[in-house]
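See below for the structure under consideration.
The values are calculated or read from the model by the stated rules, or taken from the named source; none is laboratory data. Given the structure is predicted, the values throughout are model-derived calculations rather than measurements. In this analysis, Cβ positions are derived from the backbone assuming ideal geometry, glycine residues included, and neighbour counts consider all displayed protein chains.
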Amino acid sequence: MIKLPMMQRRYHFVLLGLTLSILPTVAIAAQNRVAEGRVMLKREGWSSFRTVTAGTPLHHKDQLQAIQGETAKIVCQGKSTHRVPSAQIYPVSYFCGTPRSLISTRTERILKPTNSVGGDDPTIPYMITPHRGKILDGKPTIRWNPVAGVSQYTVRVTGSGVYWETQVSGTEVVYPGEPVLQPGKDYLVVVEANGTSSQLDKGGDYRFKLVYPEVAQRVQEKIEAIAQSDMPEAAQALTMADVYFEEDLDSEAIAILESLVKSGSQTVQVYQLLGDLYAHKGLNLLAQERYEQAIELAIASEDIEGQAKAQVGLAEVMIMLGKPEQAIRLFNQAQAGYEALGHSQRVEELHIRTQELAVFNFGTR
């Protein structure tokens with residue numbers, strides 16, 4: 001593993017402490033979302049209603065008002081879809097119930113996007129999937145970062161009686177299922193090329209586990225129910241990604257969202273959630289790319305909240321990449337967005353975050 005210079009190691013450590021003490025983390029267990037159409041939304045803390053589009057996550061205290069003459073639907077944590085009647089104002093809880101009935105009895109997973117370093121050296125074939133998580137079946141797709149000038153990679157999976165090795169010319173390969181992976185056992189995947197290895201990545205502990213059959217069945221039942229719903233493609237994919245993430249199946253969540261990217265999706269939340277997932281896994285260059293795309297799409301669609309959220313995520317990635325000046329600029333831009341929404345609490349949180357980051361940055365020069 002590559003060692004960071006002393007100043008940079010100290011820099012990351014201190015900023016992590018600041019980040020987790022100031023900015024709220026994001027729970028993305030299965031959420032309520034706008035499933036179709038446009039709807040007027042007013043969150044708790046906002047000064048007025050704003051137009052939002054399909055994919056936008058909803059909280060039980062949010063208020064909704066359908067736009068006159070348009071059809072809008074919401075989905076309640078992947079379970080049921082409801083049409084939002086026009087003219088009147090409804091709380092999300094009117095359709096989806098109270099938090100007690102919404103929140104899973106399993107512990108909600110929390111995204112802490114500043115909790116990981118890595119994925120920032122393009123000369124390393126660092127792992128993309130699987131990446132420190134669980135997999136749904138015994139034939140996972142292994143993907144890694146393409147290294148310029150490399151035409152052949154060696155891929156190796158080891159652990160619990162398994163030793164499998166192959167050579168490929170591309171940047172992904174499907175594990176053939178033999179030797180058989182056992183549920184609950186740790187396996188390590190390593191990719192090597194031209195004398196470099198995925199294990200040199202700063203976030204490079206690429207161990208994964210196959211889920212137990214009962215978990216796989218439960219997840220598949222949820223996914224099939226979503227697939228059979230009348231939700232549009234993007235809403236289905238985002239809802240499926242929520243389910244996968246709730247079960248620690250990050251590789252599956254990433255795969256389904258990346259399939260939308262390949263098909264040319266223009267949904268801000270697809271790129272936003274991919275940015276969150278990549279940042280959470282310490283894949284910072286990939287997170288940067290997806291956050292930047294989310295910002296571009298949010299600007300084009302005048303999605304102020306989506307733009308601000310992606311700017312905050314990108315700012316945290318800039319910190320991990322050792323670019324605090326860019327992070328400060330992004331935090332300031334996000335703060336302006338929340339000011340436009342009238343979200344005074346979030347404005348104050350970002351003001352404190354920016355001030356402390358600026359003091360630390362300039363105080364260590």
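For the reader, a short list of remarks on this structure follows.
- Once region 43-66 is narrowed to residues that are of a type in the set (A, V, I, L, M, F, W, C), modelled with pLDDT of 85 or more and assigned to a loop (DSSP other than H, G, I, E, B), the residue that is surrounded by the fewest Cβ atoms within 10 Å (Cβ to Cβ) is 49.
- Taking (1) surrounded by 14 or more Cβ atoms within 10 Å (Cβ to Cβ); (2) over 29 Å from residue 180 (Cβ atoms) in turn, residue 228 satisfies each apart from (1).
- Members of region 267-294 that are closer than 26 Å to residue 127 by Cβ, among the hydrophobic types (A, V, I, L, M, F, W, C) and surrounded by 24 or more Cβ atoms within 10 Å (Cβ to Cβ): 270, 273, 274, 277, 279, 283, 287, 294
- Any hit, region 337-351, residues being out of contact with any helix residue (DSSP H, G or I) (no Cβ under 8 Å at 6 or more places or on another chain) and within 23 Å of residue 119 (Cα to Cα): no
- Here residue 204 fulfils each of the conditions (1) outside any loop (DSSP other than H, G, I, E, B); (2) modelled with pLDDT under 95 apart from (1).
- Of everything listed in (1) touching a Lys or Arg at 6+ places or on another chain (Cβ under 9 Å); (2) under 29 Å from residue 260 (Cα atoms); (3) assigned to a helix (DSSP H, G or I), the single unmet condition for residue 335 is (2).
- Scanning region 301-322 for residues that are surrounded by fewer than 24 Cβ atoms within 10 Å (Cβ to Cβ) and not in a helix (DSSP H, G or I) yields a count of 4.
- Residue 253 meets the conditions (1) free of Cβ contacts under 8 Å to residues at least 12 places away in the same chain; (2) of a type outside the set (D, E, K, R); (3) surrounded by 18 or more Cβ atoms within 10 Å (Cβ to Cβ) in every case but one. The failed one is (1).
- Within the set 195, 170, 138, 177, the sole residue that is within 21 Å of residue 283 (Cα to Cα) and among the small types (Gly, Ala, Ser) turns out to be 170.
- Number of the condition not met by residue 233 [criteria: (1) under 22 Å from residue 142 (Cα atoms); (2) modelled with pLDDT under 90; (3) surrounded by fewer than 22 Cβ atoms within 10 Å (Cβ to Cβ)]: (1)
- The single condition from (1) surrounded by 22 or more Cβ atoms within 10 Å (Cβ to Cβ); (2) free of Cβ contacts under 8 Å to residues at least 40 places away in the same chain; (3) not in a helix (DSSP H, G or I) that residue 264 fails is (1).
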